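Before any comments, here is the structure.
Derivation of every value follows stated rules applied to the coordinates shown; laboratory data play no part. If you're wondering where the values come from, they're calculated on a predicted model, not measured in any experiment. Here Cβ is always computed from backbone atoms with ideal geometry, including for glycine, and neighbour counts include all displayed protein chains.
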Amino acid sequence: MKIGIIGVGNMGAAIAEGIKKNFPEIVIAIMDTDNKKAEQVNKTVSGKIFKADNYEDFCSYSDIIILAVKPRYLDELLSHLSRFTKNKKIISIAAGKTIEYFEGKTGSTNVIRFMPNIAATVREAIVAVSHGENTSEEFIKEAVDIAESIGKAIVLSESQMSAFTGLSGSGIAYVLSFIHALALGGTEQGIPYNQSLKIAVQTVNGATAILSKDVQSGGQIKNPISLLTKVISAGGTTIKGVKALEEGKFTATVMNAVKESKDRADELEN
């Protein structure tokens, strides 16, 4: 199989490198307007670089085409690609661009959308995979394999993609904000920020490890509330902190952040 990737910024490069690590037999083709960036990524994946305007040869060469460019560039790009994509398998990572949009622009009925997050750069993303009504089962399986080269894949309906954006695509920013806030709390109480940050990061790592420890053996992620009640003791230190969080409307604030991001993603869909 030959996979062509257009755009090797952070996400495109992560996908290229993840595919090569998981499936070394796959040949990767690269196209990017930045030749230096394309050459840099190609050192890792040992693929084939196409000039940024050589659309016919690129499409002819690629069995699957991954569009890893910013949404604002898609109209122009697809106006050039459309003559060569009718029978191609298409994957897009562009937020706000629907399957119907890509079917119309490419002429292909084999279209899949990915929604990863920046954790793809360390192969720890959770990737939403959404497919069209006419997408082949073979391609869905191939797409899931590709998604899992940068983390974990979850197949969702396209109607759930905006909610996924609010929960995970943007949600990683909320987690980073929480870690920073936790470290600032430690700093306020006398631990230097760099040390507080190290403690905060490992605390979050520990929490997620406890939640996920049974998943490797095929179990379910634990309900965090069941674990929370084990941490909290009557009249202890933790209940005071949890009360402070709820007085600050912590739960409602996080839920609203997911909603606001989801609503904005809905606005961008076309």
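An ellipsoid equivalent to the chain, defined through the eigenvalues of its Cα gyration tensor, has semi-axes of 40, 20, 18 Å when rounded to whole angstrom and sorted largest first. Which of rounded, prolate or oblate describes segment 169-268 when judged by the alpha-carbon gyration tensor and an a/c cut-off of 1.5? It comes out rounded by the Cα gyration axes. Computed about the Cα centre, the dipole magnitude for segment 169-268 is approximately 340 debye when only Lys and Arg (+1) and Asp and Glu (-1) carry charge, each at its Cβ. How high is the FRET efficiency between Ser226 and Leu268 when r is their beta carbon distance and R₀ equals 30 Å, given to the nearest 0.05? With R0 = 30 Å, the Cβ-Cβ based efficiency is 0.25. FRET efficiency for the pair Phe250 and Arg123, taken as 1/(1 + (r/R0)^6) with r the Cβ-Cβ distance and R0 = 30 Å, rounds to 0.50. When the pairs Lys152/Lys262; Lys2/Lys152; Lys20/Lys198; Lys20/Lys152; Lys20/Lys88; Lys70/Lys213 are compared against a 25 Å limit on Cα-Cα distance, Lys20/Lys198; Lys70/Lys213 fall above it. By DSSP, what percent of the beta bridges with both residues in the chain are antiparallel, rounded to the nearest 5? The answer is about 15 percent antiparallel.
Once both labels are positioned 7 Å from their Cα atoms along Cα-to-Cβ, the gap between Val204 and Ser60 label points is 4.8 nm. FRET efficiency for the pair Lys243 and Val155, taken as 1/(1 + (r/R0)^6) with r the Cβ-Cβ distance and R0 = 35 Å, rounds to 0.35. Mind checking which of Leu167, Leu197, Leu67 has the largest fluctuation in a GNM of the chain, springs on alpha carbons under 10 Å? Checking each option, the largest mean-square fluctuation is seen for Leu197.
Convex hull over the alpha-carbon atoms of segment 2-158: what's its volume per residue in Å³?
95
In summary, the helical segments of the chain meeting the span-like criteria, namely a full DSSP H run, a Cα extent along the axis of 20 angstrom or more and a mean Kyte-Doolittle hydropathy of at least 1.0, are 171-188. Straight-line cross-link partners of Lys43 among the aspartates and glutamates, defined as a Cα under 14 Å from its Cα and at least 8 positions apart when in the same chain: Glu17.
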